[in-house]
Amino acid sequence: MRDRIIEIIGTHGKNQGALIPVLKAVQRMNPRQYIPQEASQLVARIMGLRESEVYEVVSFYGEFSETPRAEHVIKICDSTVCRVNHHRELVDILEHTLGIRVGEASRDGKFFLEYSPCFGACDVAPALRIDDKVYGNLDRDKLEAILEAYRR
C-alpha cells in the first residue's frame with residue numbers, strides 16, 4: 001500500500017490542492033472502495049499535512065468512505081428532483097434485485113448501495129451513479145440491464 005500511495009502522490013503532487021484527487025485514487029485502489037485509517041495517516045505524513053486535515057476531507061465529502069463497501073458503489077441521487085421523479089421505485093428495485101438495503105453490501109461483495117446528495121444529473125432524473133459513471137432516465141428494464149453489465 002505504501003508504495004502505491006507514494007506513486008499516487010508523486011503523480012498528483014504534495015500541495016493541499018491535490019488532496020482530493022489523491023484520496024480518490026487511494027480509495028479506488030482499494031477493492032472495497034474505502035480509505036482505511038492507515039492510508040489517511042500515510043497520505044498526511046507524505047504530503048506534510050496534519051492527520052486532522054486529511055480526516056476532515058474524508059469525513060466531509062460523501063464521495064469518500066472510511067468503512068469498507070464493495071467493488072461497485074451505487075449512489076442513488078437523493079435530491080428533490082430525483083425524489084419527485086420516483087427515485088423510491090429505483091431503490092425498491094435495487095434492494096429487491098441485489099437482496100440488500102441502502103447502506104449494505106451484497107453478499108458477493110460486488111455492490112454497495114447508498115444515498116448521495118445531488119451529483120448534477122437533474123436533467124436525467126431519476127439518476128444514480130455506479131463508481132464514476134452516471135445513469136439517468138431509469139426504469140426497471142434499464143436498471144436491470146445496467147446491473148447485469150456490472151455483474152460480468
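Here are a few things to note about the model shown:
- Residues in the range 88-142 that are out of contact with any Ser or Thr (no Cβ under 8 Å at 6 or more places or on another chain), exposed (fewer than 14 other Cβ atoms within 10 Å of the Cβ) and either closer than 12 Å to residue 78 by Cα or in contact (Cβ under 8 Å) with a residue 40 or more places away in the chain (or both): 4 in all.
- Residue 21 fulfils the conditions (1) at pLDDT below 95; (2) in contact with a helix residue (DSSP H, G or I) (Cβ under 6 Å, 6 or more places away or on another chain) except for a single criterion, (1).
- If the condition is being small (Gly, Ala, Ser) and part of a helix (DSSP H, G or I), then the range 57-75 contributes only 59.
- Qualifying position, being surrounded by 14 or more Cβ atoms within 10 Å (Cβ to Cβ), assigned to a helix (DSSP H, G or I) and without any contact (Cβ under 8 Å) to a residue 12 or more places away in the chain, among 44, 25, 39, 18: 44
- Lone qualifier among 100, 93 - being among the hydrophobic types (A, V, I, L, M, F, W, C) and within 16 Å of residue 33 (Cβ to Cβ): 100
The values are calculated or read from the model by the stated rules, or taken from the named source; none is laboratory data. It should be emphasised that the depicted structure is a prediction, and the values quoted were computed from it without experimental measurement. Heads up, the Cβs are rebuilt from the backbone with ideal geometry, glycines too, and the neighbour counts pull from every protein chain shown.
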